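Undergrad: Take a look at the following structure, please.
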Amino acid sequence: MDLGLDGALGSTEGSSGFGIGQAVDVSKHDGGAIDGWELGEAGDPAFAFGVPLGNLGRRLRRRGGGFDRRARVIVDRHGRGAARGAPNPPGPAQVQHDRREPAANLELADPLGVVGRERPISPHEGVLGGLLGVSRVAQHAQRDGVQPILVGKHERIEGAVEVARQIGGEAVVGVHQSPEPLGRRNRCMTLRYPRGCDPRAGHRATIRPMGHDDRYDDLIASLAGFHRSWLVYLGLELGLFERVRAAGREGIATDALAAETGTHAAAIEAWAAAADAHDLATFEDGHLVMDDDVAAILLDGDRADFLGGQFVHAVVAAMDWGDMETFFRTGTPIAERPSRYREAIEILTRQDIAVFFQEVLAALPQLVADLSRGGRVVDVHCGGGRWLVAMARRFPALELVGIEFEADSVARARATLEHERLSDRIDIRQAKATQPGSTSEYDLAYFQYALHQLDDAPQVLRAAWSALRPGGRLLVLDWPLPSGPEEFRTRHGEIIAGVQLDELFQGTALASRERFLGWFAEAGLPSPTSIDLPSGAALFLAERPA
């Protein structure tokens, strides 16, 4: 398996190689150490392209001594980890770091009875292993394919590493991990793997097609995901997660949680049990405790990996789907979305704001320098004005204008500015997106998850371009539609595909990267610089000549 990372990830010197199909005593070591390597503590993180990789991203450290293999376990491609006894016939020995020399007394229990593969370990795999800081990546020969898996320290979790695409000479690495730790009770969540191999990319391992049981597991996981989304939505909207988080490691009793949030005690008891079943919180001895990482991802809107808004938007959008069948039969979009939908969009775009400050500004240091000196900025289709508030706080010398045509969004934006005491610095105008301001009024025109929703994107771009001063910039931040089947067959692609269905339902549509570039061309603007960001969002930048 050639990962196609030539030169993209730096030198291979000193990189740890990947082993091949080794039996593991999970009962004793819980997948924590293989071939003498184990994960470091959580405080020693590893990063991939600037993104911390969490529990699968802790750096390797050498561990002395071996371990007693009382039961041989091979973690299979479905993440179930089937225990095997001694009668299993041995397979080929593990390939060590010198790439061809087998390790002594290490055998592969081969439950599938297939012919194992032996081959040199690619230098790129060693680089990727060191970069991701995983305790091992084992490859099990499985009929017509090879499947990479990751083993964590305290729980048996299977994950797949893929190089989704290459951008500007760099490889975009994805680590797919089941959301359900397999060490707790009957976790049936499974991973989704790419179907086949893209011959043009040469990055991916080929695996055998999913069977009936695999499909069943995959579909039942989706059914559980439906309920999980509602549990998250209720936990956010009712303030349940905030109270559980505030209680710390001592936790909070369900009757106290109900009293503090003004909710029904019996309903909270049921929610607590369900939250524990879905691994959103731990419910033991009548008390709820929340994992710090789960709390951060769901509650901290200033993080680029904030997902609370995604859950709120998904559930609120689905509340309108009673007419979805009619839309499919007639092709007629819903007449109007209720105000709750636009409120959900504002929560959703908190992640966009975090992406702007953490990823966009990091990619454009000259823009940061220019904004720090002052200037005039317009946010077209600004919604509730949250990005403008953040910009006012970060760059106090700026003059800021928001353009919004939805009356309820204009009202919310103005109320927000008054609450934040920024009405004197930010001007909210109710106007069409094609009317951002006068000629040469702005130094920066910004579209945040907005351009694809507007009726005539090229006309809107022309209007914004005309409103720029010489040397001004036009920035579009959006979440593009995948450009092909392989990109859709990722977790990110699954979510984007669902969002696209809701967009079509309301008469709009997400756009691919190619479509965004086409809009710039149709508007007669210079071809923009396109930057794919670590979060999965994309940035399009055009600069007006000075």
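Undergrad: Could you please give the count of residues in segment 280-313 that are among the aliphatic types (A, V, I, L, M), in contact with a Leu (Cβ under 7 Å, 6 or more places away or on another chain) and over 17 Å from residue 245 (Cα atoms)?
TA: The total comes to 1.
Undergrad: Within segment 429-478, how many residues turn out to be among the basic types (Lys, Arg), within 25 Å of residue 412 (Cα to Cα) and in contact with an Asp or Glu (Cβ under 9 Å, 6 or more places away or on another chain)?
TA: 1
Undergrad: Considering only segment 368-421, how many residues are farther than 20 Å from residue 351 by Cβ and either part of a loop (DSSP other than H, G, I, E, B) or not acidic (Asp, Glu) (or both)?
TA: Of the residues in that region, 27 qualify.
Undergrad: Let me ask something else. From the list 541, 477, which one is modelled with pLDDT of 95 or more, in contact with a helix residue (DSSP H, G or I) (Cβ under 7 Å, 6 or more places away or on another chain) and assigned to a strand (DSSP E or B)?
TA: Every option except 477 fails the conditions.
Undergrad: Suppose we filter 255, 276 for residues that are in a helix (DSSP H, G or I), touching a Ser or Thr at 6+ places or on another chain (Cβ under 8 Å) and over 30 Å from residue 506 (Cα atoms); which single one remains?
TA: Going through 255, 276 in turn, just one is in a helix (DSSP H, G or I), touching a Ser or Thr at 6+ places or on another chain (Cβ under 8 Å) and over 30 Å from residue 506 (Cα atoms): 276.
Undergrad: A further question on this structure: Among the residues of segment 293-313, what is the count of those that are without any contact (Cβ under 8 Å) to a residue 40 or more places away in the chain and among the acidic types (Asp, Glu)?
TA: Qualifying residue count for the region: 1.
Undergrad: Follow-up. Only one of (1) within 23 Å of residue 473 (Cα to Cα); (2) not assigned by TED's automatic domain parsing to the domain that holds residue 444 fails for residue 362. Which number is that?
TA: (2)
Undergrad: Among the residues of segment 518-533, is there at least one that is free of Cβ contacts under 8 Å to residues at least 12 places away in the same chain and under 30 Å from residue 332 (Cα atoms)?
TA: yes
Undergrad: Hey, another quick one. State all residues of segment 324-336 that are closer than 24 Å to residue 347 by Cα and free of Cβ contacts under 8 Å to residues at least 40 places away in the same chain; if no residue qualifies, say none.
TA: Hits for segment 324-336 are 335, 336.
Undergrad: In contact with a helix residue (DSSP H, G or I) (Cβ under 9 Å, 6 or more places away or on another chain), surrounded by 15 or more Cβ atoms within 10 Å (Cβ to Cβ) and assigned to a helix (DSSP H, G or I): which single residue out of 493, 498, 518 fits that description?
TA: Exactly one residue qualifies, and that residue is 493.
Undergrad: From the list 379, 443, 478, 427, which residue is assigned by TED's automatic domain parsing to the domain that holds residue 515 and either surrounded by fewer than 20 Cβ atoms within 10 Å (Cβ to Cβ) or more than 23 Å from residue 539 (Cβ to Cβ) (or both)?
TA: It is 427.
Undergrad: Continuing with the same structure: Does segment 387-404 hold any residues that are more than 14 Å from residue 302 (Cβ to Cβ) and not hydrophobic (A, V, I, L, M, F, W, C), and which are they?
TA: Those that are more than 14 Å from residue 302 (Cβ to Cβ) and not hydrophobic (A, V, I, L, M, F, W, C): 396, 399, 402, 404.
Undergrad: Let me ask something else. Just to be sure before I move on: is residue 412 in contact with a helix residue (DSSP H, G or I) (Cβ under 9 Å, 6 or more places away or on another chain), in the same structural domain as residue 528 (by TED's automatic domain parsing), surrounded by 16 or more Cβ atoms within 10 Å (Cβ to Cβ) and farther than 28 Å from residue 520 by Cα in the structure I sent?
TA: yes
The values are calculated or read from the model by the stated rules, or taken from the named source; none is laboratory data. Worth saying up front: this structure is predicted, and the values here are computed from it rather than measured. Methodologically, a virtual Cβ is constructed for each residue, glycine included, from the backbone with ideal geometry; neighbour enumeration extends over all protein chains shown.
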